[in-house]
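Participant: Sharing a structure here in structure tokens format.
Derivation of every value follows stated rules applied to the coordinates shown; laboratory data play no part. These numbers were taken from a predicted model, which means no experiment stands behind them. All Cβ positions, glycine included, derive from the backbone under ideal geometry; neighbour counts span all protein chains shown.
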Amino acid sequence: MFEKDIGKLEKALGFTFKNRVLLVEAITHKSFSSSEDNNQRLEFLGDSILNTIISEYLFDEFGHDNEGKMTSMRASLVNENSLYELAKKIKLNEFMLMSDEEIMRKGNLRKAALSDTYEAIIGAIFLDQGYDKTKVIVTNLFIEELKNLNNVKTFKDPKSELQESLQSMKIKPPKYITSIKSGPPHNPLFETKLFIGNKLINKSEGFKKSDSEKKVATDTLKMLENNKLEINEEKSLLKKIIDSLIR
């Protein structure tokens, strides 16, 4: 990694590292080297630090909201999609260190890889600067998302929203079946099939099991909103008997 490239990334982040080795480690994907010199440990640390900083912000700024709502608000900020969007803003894919094979598969454009690397960078900032300065930096990185919190109508995750919508319609709750569809062991592609009763309604893919399930729930919600969800549930034997007696 050339010094000028590191400088470009630091400029995009709005922050200069005292120890640039930490930043290089943060952008090093596990496919790049057979050793343990990659960003997985920093990602673990960054995830914890990010959740703590966002939790503290919500606790201070939304003092009248309960724990459940603040948890949902945090989940709307700290998730693969939001981190992916932040990573795209700084063109993080141009700086990631990956194996040639992974680059050929466009691994540096994958949502999971970009969001994980973004978390690793936050972990690196924490080790470089400590908690207080990291809190300022992270708040600045998330400033637009934090400002928009008051404009968000709902903080429910799509799986909960779908289940509640179906319950209100007296329809059975959805069932999710997720399996590994393809990809290498270190970066598998998951496929989730959503069933209502015994009927396959929709299916989706993702590089994390949770994201695959959220996506299929989101897609099914759109079907529901557009009146494209056709469900003909089989009646139970008891229901059939009751219906016949009523007739």
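Participant: Along the charge dipole of the chain, Cβ charges K/R +1 and D/E -1, which of Gly68, Leu97, Leu229 sits furthest on the positive end?
Facilitator: So the residue furthest toward the plus end is Leu229.
Participant: Okay, next question. Find how much the distance from Gln40 to Phe195 grows on full extension, using 0.36 nm per residue of separation minus their present alpha carbon separation; answer in nm with one decimal. Walk me through the intermediate numbers first.
Facilitator: Working: separation 155, 0.36 × 155 = 55.80 nm, distance 3.42 nm.
Length gained between Gln40 and Phe195: 52.4 nm.
Participant: In addition: Please give, to one decimal in nm, the separation of the simple spin-label points placed at Thr52 and Ala12, each 7 Å out from Cα toward the Cβ.
Facilitator: With each label placed 7 Å out from Cα toward Cβ, I get 2.7 nm.
Participant: Could you size up the charge dipole of segment 59-164 around its Cα centre, putting +1 on the beta carbon of Lys and Arg and -1 on that of Asp and Glu, and report it in debye to the nearest 20? Let's see the in-between values first.
Facilitator: Values: 15 positive and 19 negative charges, 57 e Å.
In debye, rounded to 20, segment 59-164 gives about 280.
Participant: If the chain between Phe59 and Glu145 were fully stretched, how many nm would it gain, using 0.36 nm times the residue separation less the Cα-Cα distance? Can you show the working numbers first?
Facilitator: Numbers: separation 86, 0.36 × 86 = 30.96 nm, distance 1.61 nm.
Between Phe59 and Glu145, full extension yields 29.4 nm more.
Participant: So I have [x] 66, 51, 39; [y] 55, 40, 32; [z] 81, 48, 27, and one of them is Cα extents along the principal axes in Å calculated from this model. Which one is it?
Facilitator: Looking at Cα extents along the principal axes in Å for this model, the match is [z].
Participant: Mind checking the dipole of the chain: about its Cα centre, +1 per Lys or Arg Cβ, -1 per Asp or Glu Cβ, Debye to the nearest 20?
Facilitator: It works out to roughly 1120 debye.
Participant: If you don't mind, there's one more thing I want to ask. What number, rounded to the nearest 500 deg cm²/dmol, is the helix-based mean residue ellipticity at 222 nm of the chain, given -39500 (n - 2.57) per DSSP H run of at least four residues and division by all its residues? Numbers along the way, then the final one.
Facilitator: Values: 12 runs with 139 residues, N = 247.
After summing the helix terms and dividing by the residues of the chain, the value is -17500 deg cm²/dmol.
Participant: At a Förster distance of 51 Å, what's the computed FRET efficiency of Ser33 paired with Lys170, Cβ-Cβ distance as r, to 0.05? Working shown, then result.
Facilitator: Numbers: r = 55 Å, r/R0 = 1.08.
After rounding, the FRET efficiency stands at 0.40.
Participant: Count charges around Leu141 for me, please; just the other residues with Cβ under 14 Å from its Cβ, Lys/Arg as +1, Asp/Glu as -1.
Facilitator: Numbers: positive: Lys11, Lys88, Lys89, Lys133, Lys135, Lys147; negative: Glu10, Glu85, Glu119, Glu144, Glu145.
Its environment carries a net charge of +1.
Participant: Take the Cα of Lys209, step 7 Å along the line toward its Cβ, and report every residue of segment 75-104 whose backbone nitrogen sits under 20 Å from that point.
Facilitator: 79-81
Participant: Of all chymotrypsin sites (Phe, Trp or Tyr not before Pro) in segment 1-83, which ones are in loop regions per DSSP and have a Cβ with at most 11 other Cβ atoms within 10 Å? Don't skip to the end; give the middle numbers.
Facilitator: Numbers: sites: Phe2, Phe15, Phe17, Phe32, Phe44, Tyr57, Phe59, Phe62; in loops: Phe2, Phe15, Phe17, Phe32, Phe62.
Hits after loop and neighbour filter: Phe2.
Participant: Given contacts defined as C-alpha pairs under 8 Å and at least six residues apart, what's the relative contact order of the chain, whole-number percent? Numbers along the way, then the final one.
Facilitator: Numbers: 300 pairs, mean separation 41.6, N = 247.
Reported as a whole number, the value is 17 percent.
Participant: Calculate, for Glu85 and Ile180, the FRET efficiency according to 1/(1 + (r/R0)^6) with r their C-beta to C-beta distance and R0 35 Å; round to the nearest 0.05. Numbers along the way, then the final one.
Facilitator: On the way: r = 26 Å, r/R0 = 0.75.
That pair, Glu85 with Ile180, gives E of 0.85.
Participant: Can you name the helices of the chain, as whole DSSP H runs, whose Cα span along the helix axis is 18 Å or more and whose Kyte-Doolittle mean is not below 0.5?
Facilitator: Working: long enough: 40-61 (31 Å, 0.06); 111-129 (27 Å, 0.53); 209-225 (24 Å, -1.01).
The answer, listed by residue number, is 111-129.
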